[in-house]
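See below for the structure under consideration.
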Amino acid sequence: MARVGGPEEVDAYVGARISLRRSAMGLSQTALAQQIGISFQQVQKYETGQNRISASRLHRVATVLATSVEAFFPPVPTARETPDHSWEALRHITASADGRAVASAFPLIEHRDVRKAVARVVRALARDD
């Protein structure tokens, strides 16, 4: 399947998930690149979805990041479900260092009510012009 007009959606999703997991683990692109035997520029291209990552390399990335390969892919909707386009939001939040910091710190908030309050604040700020 040829790419037209930019990266394939799944490539961007996988890259964003790699970026998020790497950031959450406190690894730089350079550190990840060294551990899997590639350049940090190649890691950048994977994380932006600019380049597709091979299955064997994705397996190495998952091993280094202590997760499963499946963790990098969007959930497959069942016949009854409609597709979830949260990958778009994930791609946007991982596009900046600030977004990655928020995304990696958010799950560390222990209290459910505090997480809900933070989500309300973010939604309100996003609507503010």
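The values are calculated or read from the model by the stated rules, or taken from the named source; none is laboratory data. Since this is a predicted model, take the numbers as computed values, not measurements. Glycine gets a Cβ as well: all are built from the backbone with ideal geometry, and neighbour counts include every protein chain shown.
Quick one: which residue in Ser68, Ser39 is modelled with pLDDT under 95, closer than 18 Å to Ile18 by Cα and of a type in the set (S, T, N, Q)? Outline the logic, then answer.
Values: Ser39 fails: modelled with pLDDT under 95.
Among Ser68, Ser39, only Ser68 is modelled with pLDDT under 95, closer than 18 Å to Ile18 by Cα and of a type in the set (S, T, N, Q).
List every residue pair whose Cβ atoms sit under 8 Å apart, with the two residues 6 or more apart in sequence or on different chains, where the first one lies in segment 60-77 and is among the hydrophobic types (A, V, I, L, M, F, W, C) and the second, anywhere, is loosely packed, with under 13 Cβ neighbours inside 10 Å and part of a loop (DSSP other than H, G, I, E, B).
Close Cβ pairs satisfying both conditions: Ala62/Ser68.
Quickly run through segment 76-99 and pick out the residues that are modelled with pLDDT under 80, under 16 Å from Arg21 (Cα atoms) and not small (Gly, Ala, Ser).
Listed by number, the residues that qualify are Trp87, Leu90, Arg91, His92, Ile93, Thr94.
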